[in-house]
Amino acid sequence: MIRGVFFDAGNTILFPDYEIYRRIVAELGGDASREDVVAAEAHARAAFDEAVSRSPDRNVHGFWPVFYEPFYRHLGLSGNAVEMAIGNTRAFNDMDPGIWKVPVEGFNEVMDEIDRRGIVTGIISNSDGRLDRRMRKIGIRDRFSFLVDSWDIGVSKPDARIFEAALELAQLPPGEIIYVGDYYEVDVVGARGVGMHPVLFDPYGAYDAADCAIMRRFADVLVVVDDLSA
């Protein structure tokens, strides 16, 4: 029986404002469509996953260059323009509520159904200490029972300790919890390591052969709950 559904934040609950990326590229002389940005994210996710898998202490370090260098190169930037794009991205993200500010499609409907079923919900995110405030500003923080931010815990996913902090708050056994995230090496490996059921939210097909449940739509989380509860 599934009694808890925990989520990552970025690219799971909240998606970027893609127009910000398009604007950054345009200001540096490039041109990127929304489809180009989506494809670049899938490309950069693979590079980021590989970097995490090689990290000896299994923590996530240097997110900005590791993700955004291949991201912006895929969008046609090169040389100093990539560094400038990363700096501009940081600047945009420092303006509340940041870049990841668009709730996932179907968010309220899915959360209403999860609430109706009495399922405990929470957030486990590698963030910078600002996530709680930003989710309140966007207006969705009250949909979750708790939020665990790596900045506050002092370790980042996939380290088991950040997941264990969530388990302590939820007071549920890991085998009764689904964890939904968008990175295999960060989210699937971390959740599986403590005994949660990992689910990849992959609407754009970045992971086609992962050895876990995969969601293409946010509403699919209810299907996973039903399947695992059967």
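The values are calculated or read from the model by the stated rules, or taken from the named source; none is laboratory data. Since the model is a prediction, treat every value here as computed from it, not as a measurement. For neighbour counting, all protein chains shown are included, and Cβ atoms are generated from backbone atoms with ideal geometry for every residue, glycine included. All accessible areas refer to the heavy atoms of the entire protein, side chains included, with ligands and DNA or RNA removed. Shrake-Rupley method; radii C 1.70, N 1.55, O 1.52, S 1.80 Å.
A few notes on this one:
- Unique match (being closer than 29 Å to residue 121 by Cβ and at pLDDT 95 or above) among 49, 17: 17
- Here the condition is being of a type in the set (Gly, Ala, Ser), touching a residue at least 24 places away in the same chain (Cβ under 8 Å) and either open to solvent by 20 Å² or more (accessible area, probe 1.4 Å) or within 26 Å of residue 223 (Cβ to Cβ) (or both); of 190, 175, it holds for 190 alone.
- Filtering the range 193-230 to residues that are closer than 14 Å to residue 104 by Cβ and open to solvent by 40 Å² or more (accessible area, probe 1.4 Å) leaves 203, 204, 216, 217.
- Number of the condition not met by residue 169 [criteria: (1) buried (at least 20 other Cβ atoms within 10 Å of the Cβ); (2) among the hydrophobic types (A, V, I, L, M, F, W, C); (3) assigned to a helix (DSSP H, G or I)]: (1)
- Count of the range 127-157 residues, restricted to those that are in contact with a strand residue (DSSP E or B) (Cβ under 7 Å, 6 or more places away or on another chain), among the β-branched types (Val, Ile, Thr) and in a loop (DSSP other than H, G, I, E, B), is 1.
- From the list 85, 81, 42, 26, the lone residue that is exposed (fewer than 13 other Cβ atoms within 10 Å of the Cβ) and in a helix (DSSP H, G or I) is 26.
- For the range 137-158, a residue qualifies if it is without any contact (Cβ under 8 Å) to a residue 12 or more places away in the chain and of a type in the set (Gly, Ala, Ser), and the qualifying residues are 139, 154.
- Taking first residues from the range 11-25 that are free of Cβ contacts under 8 Å to residues at least 60 places away in the same chain and partners that are open to solvent by less than 10 Å² (accessible area, probe 1.4 Å), the Cβ contacts under 6 Å between residues at least 6 apart in sequence or on separate chains come to 18/37; 22/32.
- Residue count for the range 108-126, restricted to those that are over 24 Å from residue 192 (Cβ atoms) and in a helix (DSSP H, G or I): 7
- Residue ID - farthest from the chain's Cα centre (by Cα), chosen from residues in the range 81-136 that are free of Cβ contacts under 8 Å to residues at least 12 places away in the same chain and within 27 Å of residue 71 (Cα to Cα): 83
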